[in-house]
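**Student:** My questions will all concern the structure given below.
Here, each number is a calculation from the coordinates, and none is a lab measurement. It should be emphasised that the depicted structure is a prediction, and the values quoted were computed from it without experimental measurement. Counting neighbours? That spans all protein chains shown, and the Cβs are built from the backbone with ideal geometry, glycine included.
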Amino acid sequence: MNSQKIELEPIGIIKTPWKTPENMPIQPIGAKGIKGIIEVFPKFSEGLKGVDGFSHIMLIYQLHLVENTKLEVIPFMDDTPKGIFATRSPKRPNKIGISVVEIEKIEGNKIHILDVDMMNDSPLIDIKPYFEDFDNRTNTKKGWLADKKDIDKYHFKSDKRFI
């Protein structure tokens, strides 16, 4: 096995109302209208040039409060155990989160965002523009989620599985 060392440097920090995982949103759909602020560190702020032209961005961040990893979990929309890679559970081996958020406004090195579903002080690893023509795929296979038609009946808040 060829092992390579991966080094990541946070480019900023995400400020949100969620100080503990209890009852926090677990998907952006469960965080509609909830505000947060991305503080991009000054040495990376030049990288924000052009971001203001997008309505949404993808955030890649560290799930910094996750303490243990599980390779099999019971996802929130099912009661049958699934492999971690078939879910969006935070108990991942590399503790990486990805969320699509809406940009409210940008002020210098601060991006005010909506629909935040991440913990306060999450280290920000990267920002990518959300481009519907590339990122919004149709006619995809939905795996075990295929029979979950009425998503409005689900509670998109954390529970004991996320703590």
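**Student:** When a footprinting reagent is the concern and you count Cβ atoms within 10 Å, what order do 71, 59 take, fewest first?
**Tutor:** So the residues, fewest neighbours to most, are 71, 59.
**Student:** Counting other Cβ atoms within 10 Å of each Cβ, which GluC sites (Glu not before Pro) in the range 1-96 have at most 13 and sit in a DSSP loop?
**Tutor:** Of the GluC sites (Glu not before Pro), the ones in loops of the range 1-96 whose Cβ has at most 13 other Cβ atoms within 10 Å are 7, 22, 67.
**Student:** Could you grab the Rg to Rh ratio for the range 12-125? Cα atoms only, Kirkwood for Rh.
**Tutor:** Expressed as Rg/Rh, it is 1.00.
**Student:** Also: What is the spin-label model distance, in nm, from residue 51 to residue 70 if the labels are put 7 Å beyond Cα along the C-beta direction?
**Tutor:** Going from the residue 51 label point to the residue 70 one covers 3.4 nm.
**Student:** Moving to a separate point now. So which of 43/110; 49/91; 15/128; 32/128; 70/128; 15/43 end up more than 23 Å apart by C-alpha?
**Tutor:** Among 43/110; 49/91; 15/128; 32/128; 70/128; 15/43, the Cα-Cα distance tops 23 Å for 49/91; 70/128.
**Student:** On full extension of the chain, what length is gained from residue 37 through residue 82, given 0.36 nm per residue of separation minus the C-alpha to C-alpha distance?
**Tutor:** Gain in length upon complete extension: 12.9 nm.
**Student:** 7 Å from Cα along Cα→Cβ at both residue 98 and residue 8: what's the point-to-point distance in nm?
**Tutor:** 1.2
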